[in-house]
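Beneath this line is the structure, given in structure tokens, with notes to follow.
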Amino acid sequence: MQIITTKSELTRQSAACLRQGRTIGFVPTMGALHEGHASLIRRACSENEVCFVSVFVNPTQFNNAEDLQKYPRTLEKDAQLLESLGVHFVFAPTPEEMYSAEEMAAPFIFDFNGLDDVMEGKMRPGHFNGVVQVVSRLFELVRPTRAYFGEKDFQQLAIIRYMVEHSAMSHLFQDIQIIGCPIVREKSGLAMSSRNERLSKAEKQTAVAISQTLISSMDWAKTAPVATVQQRVIDTINAVDGLQVEYYDIVDKDTLQPTNTWQNAVGCVTVFCGPVRLIDNIQY
Ligand code: PAF
């Protein structure tokens, strides 16, 4: 496994693979890798001839300085896991390598056609512009055959699919297959997330109520209308000491706009467990 820190070396290696006609699987990450990432990487390694993973805590997608500062950074441990998974190339640049000073200072603007007006986009203004900025740059450098994203970040996945078709670079991206992979959960049901590292043991137990409530809502959805289930999910989670719902939206899987039917519906939740912001979702 080779660890690459410069854009020029990354393009050199990926161009060599493409010249040899090899398929490239790519998994972009922000590190602090867990079993959720490992499931994406195993799939990327098994479905492609070469596997690239990026480990980069992208500053332009954080709209909260404390969240950026506290985001876990565990490159050495991550590299061991990546090696054991059979990854060929790891791209781990510094922010200065990724962006010019102007790019760091001025927000990148992308028109999401309303996909970012709801949920994470509404709560974290500018977040998805930063995600698209970094993912489009990484795609441009790696030129993957397939790129893998977790369904835990449901809105992110929808936005990346949209970006591939609609960005100014869509001519470069149109052949990239975007592959969504199912949420990986702890035995307790808690959705795996790098942010879980910031939870105490007790908070981890408390946070289990999030997935438990989402699972119960599948039953409630059999007889109750969307608005009733939405409110019941919010009330049930808020009744747990230590949890505070930021939003629970039931939206259409494709448009991400609020829906009042169960057809094609996904429920996306964000909950504060102490200071840690956790997200999860369930497809009805
Ligand atoms: O999902 C993530 O970890 C990040 O948003 C991504 C896609 C690696 C971009 O920084």
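The values are calculated or read from the model by the stated rules, or taken from the named source; none is laboratory data. Fair warning: this is a prediction, and the values are worked out from it, not measured in the lab. FYI the Cβ positions are ideal-geometry reconstructions off the backbone, even for glycines, and counts take in every protein chain you see.
Here are a few things to note about the model shown:
- Residue in region 231-242 that is assigned to a helix (DSSP H, G or I) and touching a Pro at 6+ places or on another chain (Cβ under 8 Å) present: no
- Any hit, region 127-144, residues being buried (at least 17 other Cβ atoms within 10 Å of the Cβ), of a type in the set (D, E, K, R), in contact with a Phe, Trp or Tyr (Cβ under 9 Å, 6 or more places away or on another chain) and closer than 23 Å to residue 266 by Cα: no
- Residue in region 138-151 that is in contact with a Lys or Arg (Cβ under 7 Å, 6 or more places away or on another chain), within 13 Å of the ligand (Cβ to nearest atom) and hydroxyl-bearing (Ser, Thr, Tyr) present: yes
- Residue selected from region 148-178 under the condition among the aliphatic types (A, V, I, L, M) and within 12 Å of the chain's Cα centre (by Cα), by the criterion surrounded by the fewest Cβ atoms within 10 Å (Cβ to Cβ): 157
- Residue selected from region 32-53 under the condition in a strand (DSSP E or B) and within 16 Å of the ligand (Cβ to nearest atom), by the criterion surrounded by the most Cβ atoms within 10 Å (Cβ to Cβ): 53
- Which listed residue, of 203, 165, 186, 120, is of a type in the set (Asp, Glu) and either in contact with a Leu (Cβ under 8 Å, 6 or more places away or on another chain) or within 14 Å of the ligand (Cβ to nearest atom) (or both): 120
- Screening the candidates 23, 29, 74 for the property of being near the ligand (Cβ under 10 Å from one of its atoms) and in contact with an Asp or Glu (Cβ under 9 Å, 6 or more places away or on another chain) yields one hit, 29.
- Any hit, region 73-95, residues being among the charged types (D, E, K, R), over 21 Å from residue 195 (Cα atoms), modelled with pLDDT of 95 or more and surrounded by fewer than 19 Cβ atoms within 10 Å (Cβ to Cβ): yes
- Extreme residue, nearest to residue 252 (Cα to Cα), among residues of region 158-213 that are part of a helix (DSSP H, G or I) and hydroxyl-bearing (Ser, Thr, Tyr): 162
- Residues satisfying the stated conditions in region 18-32, i.e. hydroxyl-bearing (Ser, Thr, Tyr) and under 14 Å from residue 144 (Cα atoms): 23
- Residues located in region 243-267, provided they are surrounded by 14 or more Cβ atoms within 10 Å (Cβ to Cβ), in a loop (DSSP other than H, G, I, E, B) and of a type outside the set (A, V, I, L, M, F, W, C): 253, 255, 259
- Looking only at region 54-68, and only at residues there that are part of a helix (DSSP H, G or I), of a type outside the set (Val, Ile, Thr) and modelled with pLDDT of 95 or more, the one that is nearest to the ligand (Cβ to nearest atom): 61
- Figure legend. Inter-residue proximity from region 24-44: first residues in contact (Cβ under 8 Å) with a residue 40 or more places away in the chain and among the aromatic types (Phe, Trp, Tyr), second residues buried (at least 18 other Cβ atoms within 10 Å of the Cβ) and assigned to a strand (DSSP E or B), beta-carbon distance below 6 Å, spacing 6+ or different chains. Indicated pairs: 26/52; 26/147.
- The set of residues from region 85-140 being hydrophobic (A, V, I, L, M, F, W, C) and touching a Gly at 6+ places or on another chain (Cβ under 6 Å) comprises just one member, 128.
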